[in-house]
1. Restricting the search to the range 64-90, which residues are closer than 15 Å to GLY18 by Cα and of a type in the set (Lys, Arg)?
2. Does the range 284-314 hold any residues that are assigned to a loop (DSSP other than H, G, I, E, B), over 20 Å from LEU44 (Cβ atoms) and touching a residue at least 60 places away in the same chain (Cβ under 8 Å), and which are they?
3. State the number of residues belonging to the range 167-214 that are assigned to a helix (DSSP H, G or I) and surrounded by 16 or more Cβ atoms within 10 Å (Cβ to Cβ).
4. Can you pull out every residue in the range 12-56 that is basic (Lys, Arg) and farther than 30 Å from ASP82 by Cβ?
5. Take the residues of the range 219-253 that are small (Gly, Ala, Ser) and in a loop (DSSP other than H, G, I, E, B): which is surrounded by the most Cβ atoms within 10 Å (Cβ to Cβ)?
6. Within the set of pairs 6 or more residues apart or between chains, which connect a residue that is part of a helix (DSSP H, G or I) inside the range 143-157 to a residue that is of a type in the set (Phe, Trp, Tyr) with Cβ atoms less than 6 Å apart?
Amino acid sequence: MGKTGLVYHHAYLEHDMGMGHPESPNRLRAILQQLEQSGTIARLTRIEPRKAEDEWITQIHTAAYLASLKQHAPASGRVSLDPDTSMSPGSLTAAYLAAGGALAAVDAIMQQQVDHVFCAVRPPGHHAEANRAMGFCLFNNVAIAARYAQKKYGLGRVLIVDWDVHHGNGTQHSFEDDPSVLFFSTHQYPHYPGSGRDSERGRGAGEGYTINVPMEAGEGDDEYRRIFHDVLVPAADEFRPELVIISAGFDAHKDDPLASMGLTEEGYRDLTGIVAGIAQRHAQGRVLSSLEGGYNLTALAASVDAHIQALLGA
């Protein structure tokens, strides 16, 4: 059984995009309450995040974009960045700590303090592009972590598994010409943000290192398990990653209000086991999981608990 870490910081609750916005601080409150009630949290090693250094953020995002976020960060009220995404006074600090939480998770894994980490962070990240915020996301936490692991620890191959119900456009674009990062995404299609066709396979030296599996509304546990076994596992076994990162969105759950897929908590438990198995075979068991979507609070909390329990048992 592996040792699992938890990244969390109270400042994540200070990012507030307004009453009724689905990506709310209550998401993390629900997760923590569930982990307390189930006793799972007592089995986890707490990992303190730090604010990500600009030098690591700008491995993925442009310096001009970072400067723009700093310039527009409000002292009061809210500033809109795109139709779905805004900043409150606590947003920039939360974003720096979310990206830095992923960096702290890489450190803890690579320094063998833990085998896996779940990052209970917000704002999420996988829609954030090099030069713009979108889809509730400011910094692309998993992309920044992947590049950090490569540059800081010399890892040659990183696998990113994105099972959020929405395609991780920002992550794909970060690495689409890079054969050192294998990006695998399952997502409802057609659905926001409109990208993620199976014909999108990367470009240049990175062609073939982007694997998109668009899925039809209503598909659930059985279809996901089949795709992970039949598509992800062979590709990952050929790639032989040295670190596995999960863009862990839980909005493909059957009860999620922003999508129409059919996953259950047990489905997420099974997918976690499949991904952890890849890590055990190739990456010394190393798994970094970072929260993305999931907007039904009960389903989100139960799915995260099942996910973490599966990591604990890996």
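The values are calculated or read from the model by the stated rules, or taken from the named source; none is laboratory data. Note that this is a predicted model, so its numbers are computed, not measured. All Cβ positions, even for glycine, are placed from backbone atoms using ideal geometry, and neighbour counts span all protein chains on display.
1. ARG78, the sole residue that qualifies.
2. Correct list: GLY293, TYR295.
3. Going through the range 167-214 one residue at a time, the tally reaches 8.
4. Matches in the range 12-56: ARG43, ARG46.
5. Per the stated criteria, the residue is ALA252.
6. ILE144/TRP56; TYR148/TRP56
Residue-by-condition table, conditions (1) of a type in the set (Asp, Glu); (2) at pLDDT 95 or above; (3) farther than 26 Å from GLY156 by Cα:
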residue	(1), (2), (3)
GLU266	yes, yes, yes
GLY273	no, yes, no
ILE278	no, yes, no
GLN284	no, yes, no
TYR295	no, yes, yes
ILE308	no, yes, yes
ALA314	no, no, no
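Residues checked against (1) surrounded by fewer than 18 Cβ atoms within 10 Å (Cβ to Cβ); (2) out of contact with any Phe, Trp or Tyr (no Cβ under 8 Å at 6 or more places or on another chain); (3) within 22 Å of HIS307 (Cβ to Cβ); (4) touching a residue at least 60 places away in the same chain (Cβ under 8 Å):
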residue	(1), (2), (3), (4)
VAL7	no, no, yes, yes
GLY20	yes, yes, no, no
ILE31	no, yes, yes, yes
GLN34	no, yes, yes, yes
ILE41	no, yes, yes, no
ARG50	yes, yes, no, no
GLU53	yes, yes, no, no
